[in-house]
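Below is one structure; the comments refer to it alone.
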Amino acid sequence: MPIEAALAAYLDVDGYHPRSSKHSDFQSLIIIRDLVMQCPSLGAKAARGEVVTKLRHHQQVGHADWVIDIAIGTCAGAPVPPEQGAPIRFDTPVMIQIAIELKGIFTEHGKARRNRLRDFQAFHGYAHQYDNRTVAAAFLVVNAAQYFYSPLRREDDLTEHAPSVAAARALAERSVALFRAIHLRNSLNDPPGLEALGVTVVEHDNIVVHPNPGILPVQRQATRISPVPPSLALGDPLHYETMIQRICMQYSQRF
């Protein structure tokens, strides 16, 4: 199942909590699967056990602790192939070759989108300070729902993102557009930036996690993939499939 549909189905059942890593781990496993399956050079090394992966990896860079949602890199010692049926072995990498940051903008778009932009800029700064060859990528989920319930707020506090569905989608489209300012590197001599960036847009009100949804002024809507726009058309530089192919291309050239 494509990541967009899988993510919508996951959120529709399990919802979103800003202090949980469950939704991030769910996305990570799909991204790892797609990279290993669609990138022949990475897939071959993963099958031999020459590269491994780890979620939420902590890497020392100078005096800083660089946290990586998905870290893929060389194995320690002699290669050990993954267990039968597994795409790659999960272990601590010695040298980080691919680093991927996962973020979401589910509510408070005005503040959150600027924060996420700064997060991505800091992330590629750490990555290329660590090793200029490291393929630094980011994956962003943007919520285009008209309403959103946060489990961190009062039960009767439902955020209205916009006065209509169309206006909420326009807000999400403006949020996506902000990330087009990030430079996508094509070579080691390029200016600072990410090697790849993917964006997915869903419509998720998060009422599924509300303890007493009957008190809310609106009914829960099924989570769905947002239409194009604000979702991105295939071939867009920020489409998920473009992100996967850009990571593979840069990885194959550098390692």
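The values are calculated or read from the model by the stated rules, or taken from the named source; none is laboratory data. No experiment lies behind these values; they were computed from the predicted model shown. Positions of Cβ are backbone-derived with ideal geometry, glycine not excepted, and every protein chain shown enters the neighbour counts. The protein model used for the area step is the full one, side chains on, heavy atoms only, and it has no ligands, DNA or RNA in it. Shrake-Rupley method; radii C 1.70, N 1.55, O 1.52, S 1.80 Å.
If you go through the range 88-145 and keep only what is among the β-branched types (Val, Ile, Thr) and open to solvent by 50 Å² or more (accessible area, probe 1.4 Å), you end up with Thr92, Val94. Name the residues in the range 24-39 that are surrounded by fewer than 17 Cβ atoms within 10 Å (Cβ to Cβ) and in contact (Cβ under 8 Å) with a residue 40 or more places away in the chain, would you? Answer for the range 24-39, where residues must be surrounded by fewer than 17 Cβ atoms within 10 Å (Cβ to Cβ) and in contact (Cβ under 8 Å) with a residue 40 or more places away in the chain: Arg33, Met37, Gln38. So which of Ile207, Ile225 is surrounded by fewer than 21 Cβ atoms within 10 Å (Cβ to Cβ), among the β-branched types (Val, Ile, Thr) and in contact with a Lys or Arg (Cβ under 7 Å, 6 or more places away or on another chain)? The unique qualifying residue is Ile207. Among the residues making up the range 57-99, those that are under 22 Å from the mean Cα position of the chain (by Cα) and farther than 17 Å from Thr134 by Cβ are Ala86, Pro87, Ile88, Arg89, Phe90, Asp91. When restricted to residues that are touching a helix residue (DSSP H, G or I) at 6+ places or on another chain (Cβ under 6 Å), within 25 Å of Ala144 (Cα to Cα) and not in a helix (DSSP H, G or I), the range 95-127 contains 4. Taking the range 53-74 as the range and being without any contact (Cβ under 8 Å) to a residue 60 or more places away in the chain and either open to solvent by 20 Å² or more (accessible area, probe 1.4 Å) or over 19 Å from Val36 (Cβ atoms) (or both) as the test, the residues that pass are Lys54, Leu55, Arg56, His58, Gln60, His63, Asp65, Val67, Asp69, Thr74.
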